[in-house]
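What follows is one structure encoded as structure tokens, with my remarks underneath.
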Amino acid sequence: MARVIAICNAKGGVGKTTTAVNLSAYLAAGGKKVLLVDFDPQANASSALGSDPLRVQKSIYHGILREVPAEELIKPTMLFNFHLIPAAPHLAGILVEFVNLPEREHFLRKFLHTLRHQYDYIIIDLPPSLSLLTINGLIAADEVLIPVQAEYYSLEGIGQLLEIIELIRKNLGHDLKVNGALLTMYDKREHLSREVSRNLRSHFPHKVFETEIPRSVALAEAPSFSKPIILYRPDSNGAEAYRRLAEEIISEEKKKEQPLSSENFGNFNIS
């Protein structure tokens with residue numbers, strides 16, 4: 001049975017899709033069978049793996065509407081055991097089409113339920129907003145991984161996301177686990193990066209991954225070549241970071257960590 005992990009942050013530009021694509025690739029390289037579900041109408045994860053969103057005939061949109069069987073949507077990637085269900089811009093229509101439907105928050109969960117036995121991991125790349133699409137993705141997931149850019153403003157939106165997760169637990173009866181926060185675009189030479197890291201690790205009420213994803217030209221270039229970093233620049237520091245992250249994720253299967261807690265989360269003082 002697959003672990004279903006949503007990659008989510010309401011703020012854009014924090015490395016969410018980069019993390020979804022490259023974490024998935026390294027999980028597959030580590031011997032796991034992985035499905036990446038692109039659930040963002042921008043379809044950046046799809047294009048990063050060679051799928052042209054403007055030419056996609058059938059996407060996750062058709063799957064959750066039950067117009068196409070899940071098996072017909074699954075696309076291979078260049079890596080063994082790494083599959084993709086692509087998105088396309090028409091996915092944005094769900095925000096209107098689902099608004100008056102019963103159990104509208106559960107459509108993606110019901111769709112993925114038929115696939116869970118086929119994979120070790122299902123990674124969901126969510127849009128940078130707190131919309132009905134995001135709620136569907138969080139309900140479909142067992143865990144959420146939160147990329148946090150090493151800048152002050154990226155810290156401010158985390159509290160809102162944690163509140164949404166708590167509302168999902170209480171009002172929708174879904175026991176969604178916060179897997180952890182992942183620091184991205186980190187530069188240890190910069191005072192701000194170090195301070196954001198220190199504050200996040202001191203006050204975030206859940207785990208913060210030991211791995212820190214560095215600023216990397218190779219990571220920024222890889223999508224333009226439709227390749228994950230493991231195939232584009234496996235010798236880069238960005239590739240090494242995502243390899244370590246995948247190892248951290250896999251190691252969680254062998255141990256159960258207790259969440260941290262702090263009443264001071266949000267009281268950041270960067271000087």
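Starting from the stretch 105-126, keep only residues that are of a type in the set (Ser, Thr, Tyr), then list their pairs with residues that are outside any strand (DSSP E or B) whose Cβ atoms are within a distance under 6 Å, requiring at least 6 positions of separation or different chains.
Taking only residues 6 or more apart or on different chains, the pairs are 114/70; 119/2; 119/33; 121/2; 121/27; 121/32.
Against the condition under 18 Å from the mean Cα position of the chain (by Cα), within 20 Å of residue 9 (Cα to Cα), modelled with pLDDT of 95 or more and surrounded by 15 or more Cβ atoms within 10 Å (Cβ to Cβ), how does residue 126 come out, does it pass?
Considered against the rule, which asks whether it is under 18 Å from the mean Cα position of the chain (by Cα), within 20 Å of residue 9 (Cα to Cα), modelled with pLDDT of 95 or more and surrounded by 15 or more Cβ atoms within 10 Å (Cβ to Cβ), residue 126 comes out as yes.
Within the stretch 151-174, work out how many residues are in contact (Cβ under 8 Å) with a residue 60 or more places away in the chain, in a loop (DSSP other than H, G, I, E, B) and under 26 Å from residue 190 (Cβ atoms).
Within the stretch 151-174, residues that are in contact (Cβ under 8 Å) with a residue 60 or more places away in the chain, in a loop (DSSP other than H, G, I, E, B) and under 26 Å from residue 190 (Cβ atoms) number 1.
Filtering the stretch 212-246 down to residues that are over 14 Å from residue 19 (Cα atoms) and in contact (Cβ under 8 Å) with a residue 60 or more places away in the chain, which residue is nearest to the chain's Cα centre (by Cα)?
Once the filter is applied, the top-ranked residue is 226.
Give the stretch 162-198 a look and list any residue that's within 26 Å of residue 220 (Cα to Cα) and either crowded, with 17+ Cβ neighbours inside 10 Å or in contact with a Leu (Cβ under 7 Å, 6 or more places away or on another chain) (or both), or say none.
Within the stretch 162-198, 179, 180, 181, 182, 183, 184, 185, 186, 193, 196, 197 meet the criteria.
Counting only residues that are buried (at least 19 other Cβ atoms within 10 Å of the Cβ) and either among the charged types (D, E, K, R) or not in a loop (DSSP other than H, G, I, E, B) (or both), how many does the stretch 216-231 have?
The total comes to 6.
Yes/no per residue for (1) under 21 Å from residue 239 (Cβ atoms); (2) surrounded by fewer than 16 Cβ atoms within 10 Å (Cβ to Cβ); (3) at pLDDT below 95; (4) in contact with a Lys or Arg (Cβ under 9 Å, 6 or more places away or on another chain):
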{"residue": "18", "(1), (2), (3), (4)": "yes, no, no, no"}
{"residue": "34", "(1), (2), (3), (4)": "yes, no, no, no"}
{"residue": "53", "(1), (2), (3), (4)": "no, no, yes, no"}
{"residue": "81", "(1), (2), (3), (4)": "yes, no, no, yes"}
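Report every pair of residues separated by at least 6 positions or lying on different chains whose Cβ atoms are under 8 Å apart, first residue within the stretch 77-104 and in a loop (DSSP other than H, G, I, E, B), second among the charged types (D, E, K, R) and modelled with pLDDT of 95 or more.
Pairs found: 78/227; 81/32; 81/33; 86/38; 86/75; 87/38; 87/40.
The values are calculated or read from the model by the stated rules, or taken from the named source; none is laboratory data. Everything numeric in this text was worked out from a predicted model, so none of it was measured. Quick reminder, even Gly has a Cβ in these numbers, built from the backbone with ideal geometry, and neighbours come from all protein chains shown.
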